[in-house]
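A short write-up of the structure that comes next.
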Amino acid sequence: MSGTTPLGAPAFGPAAEARPRSGEPESRLVLASASPRRRELLESLDLDFTVRPAAVDETPNPGERPRDLVRRLAREKAEAASRDGEWVLAADTIVVENGDVLGKPQDRDQAREMLQRLQGRWHLVLTGVALKPPDGDTLHAVESTRVLFAELTSEQIGWYAGTGEPDDKAGAYAVQGLGSLFVLEIDGNYSNVVGLPLPTVRQLFEGAGSDVRAFRR
């Protein structure tokens with residue numbers, strides 16, 4: 001796909017032909033992620049799926065752009081967890097502030113540093129999403145959402161870091177948790193900020209000639 005992708009518009013990768021399906025799914029759906037937020041998002045759709053986290057090296061390649069990083073990691077996770085006869089869904093989320101990638105903080109001090117960078121400013125949340133069908137190539141997309149953080153005092157930053165909520169969150173905050181106290185505005189898809197853009201998931205299944213609704217219980 002060439003050109004500039006509009007804000008919030010997923011950029012889809014190529015995929016081979018896949019047979020349309022209707023009614024009950026003949027294959028199992030697998031979420032290749034240990035994230036409870038992504039699991040909860042799929043559960044909110046009442047989908048029947050299995051969780052099978054995939055461990056991959058998340059170190060960025062030299063000179064790798066943020067969009068390319070999340071796209072690659074999502075694809076590698078989906079393919080690492082893939083088994084015959086399964087649909088495998090994977091994702092990777094990062095926060096980008098002034099061109100710098102903010103992943104999960106390594107400790108509370110780093111969480112405080114990240115929050116200090118984000119406070120009072122807009123930042124970008126990027127999620128790479130990949131879907132590996134039972135037959136055919138892996139489809140992938142990148143969703144972007146802009147988030148405005150409130151101006152925070154040192155006391156507020158220390159308090160929030162001390163709650164432990166930022167420990168395993170990209171950018172050191174959870175928009176669906178206590179972090180919602182400090183998010184002033186969201187420009188784009190909310191579920192993308194949580195960690196799995198659901199409209200993009202639907203589009204990936206459609207791109208594979210399927211329908212995510214077929215996996216509803």
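Since every read-out is calculated from the coordinates, none of them should be taken as a lab result. On a predicted model such as this, the values are computed, not experimentally measured, just so you know. Counting neighbours? That spans all protein chains shown, and the Cβs are built from the backbone with ideal geometry, glycine included.
Some values worked out for this structure:
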{"read-out": "Most fluctuating residue given options Ala54, Ala172, Ala74, as computed from a GNM of the chain linking Cα atoms under 10 Å", "value": "Ala54"}
{"read-out": "MRE, 222 nm, helices only [DSSP H, n ≥ 4, -39500 (n - 2.57), over the chain, to nearest 500]", "value": "-8000 deg cm²/dmol"}
{"read-out": "Positive dipole terminus of the chain, leading residue within Pro60, Thr153, Pro197 (C-beta point charges)", "value": "Pro197"}
{"read-out": "Full-stretch length increase - Asp168, Ser44 - with 0.36 nm per residue and alpha-carbon distance subtracted", "value": "42.5 nm"}
{"read-out": "Highest to lowest packing among 135-143, 117-125, scored as the average C-beta count within 10 Å", "value": "135-143, 117-125"}
{"read-out": "C-alpha long axis of helix 108-118 to longest principal axis of the chain, angle in °", "value": "90"}
{"read-out": "Kirkwood Rh and Cα Rg combined as Rg/Rh, segment 116-217", "value": "1.09"}
{"read-out": "For segment 63-81 versus segment 104-141, the gap between their alpha-carbon centres in whole angstrom", "value": "11"}
{"read-out": "Sequence-separation-based contact order of the chain, relative, with Cα cut under 8 Å and 6+ spacing, percent", "value": "28"}
{"read-out": "Folded to 0 to 90 degrees: helix 198-207 orientation relative to the chain principal axis, Cα", "value": "30"}
{"read-out": "Calculated P(r) of the chain - Cα pairs past 30 Å, %", "value": "23"}
